[in-house]
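A.B. asks: So that we are looking at the same thing, I have put the structure below in C-alpha cells.
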Amino acid sequence: MQRICMGRSDPALSRTLIQESNAAVKWLAANGVRFQLSFNRQAYEVGGRFKFWGGMALKTQDGGKGLIQDHRAAAQRYGVTVCWRTALTSVHLHDSRSRSSGQPRRVAATVVHAGGEPRTIAAHALVFAAGGFEASPRHRCQFLGPGWDMALVRGTPYNTGDCLDLALSGELGAKPAGNWSGCHSVAWDANAPAHSGDREASNEFTKSGYPLGLMINAMGRRFVDEGVDLRNYTYARFGRAILGQPDQIAFQVWDARMTPWLRAEEYRPERVERLTADSIEELAELCSRRGLQDPAEFVRTVREYNEAVAAHRRENPGINWDPAVRDGLSTQSSTKQLEIAKSNWALPLDQGPFVAVKVSCGITFTFGGLAVDPQTVQVIRSSTGDVIPGVFCVGEMMGGLFYSNYPGGSGLTSGAVFGRRAGREAARVALKAKVDRDMKL
C-alpha cells in the first residue's frame, strides 16, 4: 500500500484494510458470496504449473455480476428493504422523533422516488456508500483536471458525486480527505460506450494485456514502461497516461508469440476489434485508419525496441521469460538503452501475424472522499474535527486510502472490510437506542 500509494495512504486505514481482509472474505463467503480461484485473471501456466501473481488468488464467481447477485440474495434472506430509482436529497440530524416513544432519532434522510413525492426516513444511523464522482464530466474536470471529461466511464452512470456534495456542505459539513485529483483509470476499449459500462460485457472492455507487448500512441511512440511492475500495480494509473496522449488513444501491440497469452474475455474477436497483419508495416497501415497519425514512426518505434531487446539478450542470455514474476528481461543494456525502458517481459515483436487493439482511458472510481474515524468509520465534521454521531462512510466515498494508484483488488476489499465495520457500528448505535427506549418504557 505504501509503495503503490506514494507513502500517502492513511496508516490506520491501510492497517485495518490489510489486517481484516482475510476475515472479511471469509465472512462474505459465510453469507453466500461465491469465490473461485482466479485462473483466468491472476495466474499464468508456466512450466506446466499455474502460478498466481500480483497478490490475488481469488475472484468472485461471474465477476461483478455474480457478486451483486450474491449480495442481493443475502439482502433478501435477511429482510433488507431495497428502494430502486430513489435519490437522496437531504440529510438532517436530530430533527425527528419516534412516534412510538418520542425519543430523538439521530438521522433523517429525505429521498425522492422516481415520479413520487419526497419521503423522510428517520433512523438511528446512516451509512454513506454512494461511490465517487467518476460519472460526472463536470466534477472530473473540476477535480481531476482538463481533458477528464473525455474519459470513458467504466461502470454506473449514477456515481456523479451528488452525495459527496451533500455531505460536504450544509448541516453535515463533513471533512474532505484523500486524493481529489486522483482516480483509478485503466486501458479501456476505445469503442466501448462513453458514459457508462455495459452490464453484460462488464469488465471485458478492460485491456490489461499491455505487459505482454507495447503501447504506442497516435504519434507512433511509446509513452510508458509497460513492464515496470506487475499489472496489478500499474493498470489503475495507465488509463491516466493514455488520456494524456494525442486524441486520448493508444494502440496495444503484440506478435504471434504473445497473443496466446492474452485473456480471452478481454481480447477475443467477438468482444474487441483486433487489427491483424502479417508485418509491422501492414499493421501500422491498419492502425492509421483507426487514428494512428504517423505510421512510419510506429514502425521505427517497434524496430528500435527489437534492437534494444536483442542487445539486452546478448548480455543476459541466462534470463528466462516468466510473466508471473518480474523476470528482468529488459530493453536496457550497456550498448543500447531506450528513452523509455521496458523493465520486464521484454521479448521482441518479430513473429507474425501481429495484432493491435485501440484503447482509451476508462475511469473506474475516484480517490477523493470523506474523512472518517479509522476505528468506527464515522464521518468527521470539518469545522470541529469531531465525529458526526450516527453517520458513517465506506467504499469509494471514503477518502484517505488511495493516492495516485492502488493495488489491484484493494478497492473491493476496502468496501467489504469497512462496510462490515460500518454495519457493526451502525447496529450498535441502533441497539443502544432500542435498549434506552425499552428502559424508559
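A.B. asks: Give me the Debye-computed log₁₀ of I(q)/I(0) at q = 0.09, 0.11, 0.18, 0.21 Å⁻¹ for the stretch 132-276, equal point scatterers on Cα only, no solvent, two decimals.
C.D. replies: Ignoring solvent entirely, the Cα scatterers give -0.32, -0.47, -1.10, -1.40.
A.B. asks: For the stretch 214-321, state the average projected area of the convex hull of the C-alpha atoms over all orientations, rounded to one decimal in nm².
C.D. replies: 7.6
A.B. asks: Which ³J(HN,Hα) values in Hz, rounded to whole numbers, follow from the phi angles of the stretch 138-143 under the Karplus curve 6.51 cos²θ - 1.76 cosθ + 1.60, where θ = phi - 60° and Gly and Pro get x?
C.D. replies: 5, 5, 4, 5, 5, 9
A.B. asks: How much mean residue ellipticity at 222 nm does the chain get from its helices, if each DSSP H run of length 4 or more adds -39500 (n - 2.57) and you divide by all residues, to the nearest 500 deg cm²/dmol?
C.D. replies: Result for the chain: -8500 deg cm²/dmol, rounded to the nearest 500.
A.B. asks: When only DSSP loop residues count, what trypsin sites (Lys or Arg not before Pro) in the stretch 1-87 have their Cβ near at most 13 other Cβ atoms within 10 Å?
C.D. replies: Qualifying residues, ordered by number: Arg3, Arg85.
A.B. asks: Write out the trypsin sites (Lys or Arg not before Pro) in the stretch 200-299 meeting two conditions: DSSP loop, and at most 12 other Cβ atoms within 10 Å of their Cβ.
C.D. replies: Passing sites in the stretch 200-299 are Arg289.
A.B. asks: Here's a follow-up. Who wins for biggest fluctuation among Glu297, Glu45, Glu200 in a Gaussian network model of the chain, springs between alpha carbons below 10 Å?
C.D. replies: Glu200
A.B. asks: Taking amide H atoms as placed 1.01 Å from N in the peptide plane, list the residues 5 or more away in sequence, or in a different chain, whose amide H sits under 5 Å from that of Val387.
C.D. replies: Those qualifying (amide H under 5 Å, at least 5 residues apart or on another chain) are Arg381.
A.B. asks: Note down the relative contact order for the stretch 296-362 as a percent, whole number, built from C-alpha pairs under 8 angstrom at least six residues apart.
C.D. replies: Reported as a whole number, the value is 30 percent.
A.B. asks: Against the longest alpha carbon principal axis of the chain, how many degrees, from 0 to 90 and to the nearest 10, is the axis of helix 21-30 turned?
C.D. replies: 70
A.B. asks: At a 1.4 Å probe radius, carbon and sulfur cover how many percent of the accessible area of the stretch 256-324?
C.D. replies: Whole-percent figure for carbon plus sulfur exposure: 46.
A.B. asks: Over the chain, what is the mean sequence separation of C-alpha contacts under 8 Å (at least six apart), divided by residue count, expressed as relative contact order in percent?
C.D. replies: Relative contact order for the chain comes out at 22 percent.
A.B. asks: What share of the DSSP beta bridges in the chain is antiparallel, in percent to the nearest 5?
C.D. replies: Among the beta bridges of the chain, antiparallel pairing accounts for roughly 90 percent.
A.B. asks: Beyond 17 Å, what percent of the Cα pairs of the stretch 387-441 remain?
C.D. replies: 49
A.B. asks: I've got another one for you. Between helix 63-77 and the chain, what is the angle of the helix's C-alpha long axis to the longest principal axis, kept within 0 to 90° and rounded to the nearest 10?
C.D. replies: Approximately 20 degrees, to the nearest 10.
A.B. asks: Counting other Cβ atoms within 10 Å, which chymotrypsin sites (Phe, Trp or Tyr not before Pro) in the stretch 262-365 have at most 16 and lie in a DSSP loop?
C.D. replies: Here the sparse-neighbourhood loop sites are Trp321.
A.B. asks: Now a separate question. Per residue, how many Å² of accessible area does the chain show with a 1.4 Å probe?
C.D. replies: Heavy-atom accessible area per residue stands at 47 Å².
A.B. asks: Under a 10 Å cutoff between Cα atoms, tell me which one of Leu214, Leu88, Leu230 has the largest fluctuation in the Gaussian network model of the chain.
C.D. replies: Leu88
A.B. asks: Now a separate question. Which one of Pro246, Thr156, Ser383 has its Cα pushed farthest toward the positive end of the charge dipole of the chain, where Lys and Arg give +1 and Asp and Glu give -1 at the Cβ?
C.D. replies: Farthest towards the positive end: Ser383.
A.B. asks: If you don't mind, another one. Measure off, as a whole percent, the carbon and sulfur share of the 1.4 Å-probe accessible area of the stretch 148-240, all protein chains present.
C.D. replies: 51
A.B. asks: Ok, one more. In debye, nearest 20, what is the charge dipole magnitude of the chain about its Cα centre with +1 on Lys and Arg Cβ and -1 on Asp and Glu Cβ, if you could check?
C.D. replies: The calculated dipole for the chain is roughly 1760 debye.
A.B. asks: Follow-up question, since we're still on this one. Which lysines, on any chain, are close to Lys358 with Cα under 18 Å apart, when same-chain ones fewer than 8 places away are left out?
C.D. replies: Those lysines meeting the cut-off are Lys207.
A.B. asks: Run through every distinct alpha carbon pair of the chain and return the Kirkwood hydrodynamic radius in angstroms, one decimal place.
C.D. replies: 23.8
A.B. asks: Using a Gaussian network model on the chain with a 10 Å cutoff between Cα atoms, which of Glu20, Glu265, Glu117 fluctuates the most?
C.D. replies: Taking springs between Cα atoms under 10 Å, the residue moving most is Glu117.
A.B. asks: If I take the Cα coordinates of the stretch 297-441 and project them onto the principal axes, what are the three extents in Å, biggest first?
C.D. replies: 84, 31, 31
The values are calculated or read from the model by the stated rules, or taken from the named source; none is laboratory data. All values derive from a computational prediction rather than experimental measurement. Cβ sites come from the backbone with ideal geometry, for glycine too, and all protein chains shown count toward neighbours. Ligands, DNA and RNA are stripped out before the accessible areas are found, and what is left, the full protein with its side chains, is counted by its heavy atoms. Shrake-Rupley method; radii C 1.70, N 1.55, O 1.52, S 1.80 Å.
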